[in-house]
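Below: the structure, in structure tokens.
A short reminder: the numbers here are calculations on the coordinates, not readings from a lab. From a predicted model like this one, the values you see are computed outputs, not experimental measurements. Neighbour counts are summed over all protein chains in view; Cβ atoms, including those assigned to glycine, are modelled from backbone coordinates with ideal geometry.
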Amino acid sequence: MNHRVGLITGAGSGIGRACALALAAAGWQVVCAGRRMERLQATLDLAAPEVAKRMLACEVDVTDESSVEALFAFVQARCGRLDLLFNNAGVFTQGVSLEDLSLAAWQAAVDTNLTGAFLCTRAAFRQMKAQQPQGGRIINNGSISAQTPRPGSVAYTATKHAMTGLTKTAALDGRAWNIAVGQIDIGNAASEITTAMSAGIRQADGTLQSEPVMDVQHAANAVLHMANLPPEANVLFMTVMATKMPFVGRG
């Protein structure tokens, strides 16, 4: 093999799109996966022609077991192996107090953010265990919310805390098969999701404050660093965040 193959879920926008472009520009063959083909194609269209040649798009619903299995069959058929999975697909829930959150909204977050990551991780384990040379790397997008919640974010925060448990267990279980698993917790990377932060977002004291953001490319560069490590090294957890965002200390 003279190339490495990476699979990114949620590659049609934001962090996933930036990471797909960064990996492809660095020489990786990248499979961009997501729910809407037109968004995935838009990601490919942003790449220079010589970079776009190393990129493929595949629709997937990470909440559906058969759809995930079809995605990994596509990767195997088109690329022959899998060296990297970036579990990035995720959804936010409406910013409401816990007692006002519907069961449907809770379930949507669990299905996408947690079950989707599990289904993709399980499929990656099976493929990485069977291929030669054996092994690979999985990176989970944990988010700052895997460490500290925002007000009115019980479903999103609960799934991201659970992602940390998935990361730790998969890292342990993957050792036997040369599968390295790590997590990146990203805070306030500028994307469609964070546009509301400039207008003001609710803080722990109930006030609305505009929050600093960072260029999403910094998050992509961090993922690329993790992906490029040799098999014997692993970043188990990394936090990359806008320097002045309210997170550490009292704000």
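A few comments on the model shown:
- Residue check for residue 104: hydrophobic (A, V, I, L, M, F, W, C), under 22 Å from residue 23 (Cβ atoms) and part of a helix (DSSP H, G or I): no
- Of all the listed residues (127, 107), the sole one being without any contact (Cβ under 8 Å) to a residue 24 or more places away in the chain and touching a helix residue (DSSP H, G or I) at 6+ places or on another chain (Cβ under 9 Å) is 107.
- Subset of segment 61-109 [of a type in the set (D, E, K, R) and within 19 Å of residue 35 (Cβ to Cβ)]: 61, 64, 65, 69
- Taken across segment 143-154, residues that are under 15 Å from the mean Cα position of the chain (by Cα) and in a loop (DSSP other than H, G, I, E, B) do occur, with at least one present.
- Selected residue [small (Gly, Ala, Ser), surrounded by 12 or more Cβ atoms within 10 Å (Cβ to Cβ) and within 14 Å of the chain's Cα centre (by Cα)] from 222, 204: 222
- Qualifying residue in segment 126-140 (condition: at positive phi, touching an Asp or Glu at 6+ places or on another chain (Cβ under 6 Å) and surrounded by 15 or more Cβ atoms within 10 Å (Cβ to Cβ)): yes
- Search result, residues across segment 45-93 that are of a type in the set (Asp, Glu) and out of contact with any strand residue (DSSP E or B) (no Cβ under 9 Å at 6 or more places or on another chain): 45, 50, 61, 64, 65, 69
- Scanning segment 95-123 for residues that are closer than 20 Å to residue 71 by Cα and out of contact with any Lys or Arg (no Cβ under 8 Å at 6 or more places or on another chain) yields 111, 112, 114, 115, 116, 117, 118, 119, 120, 121, 122, 123.
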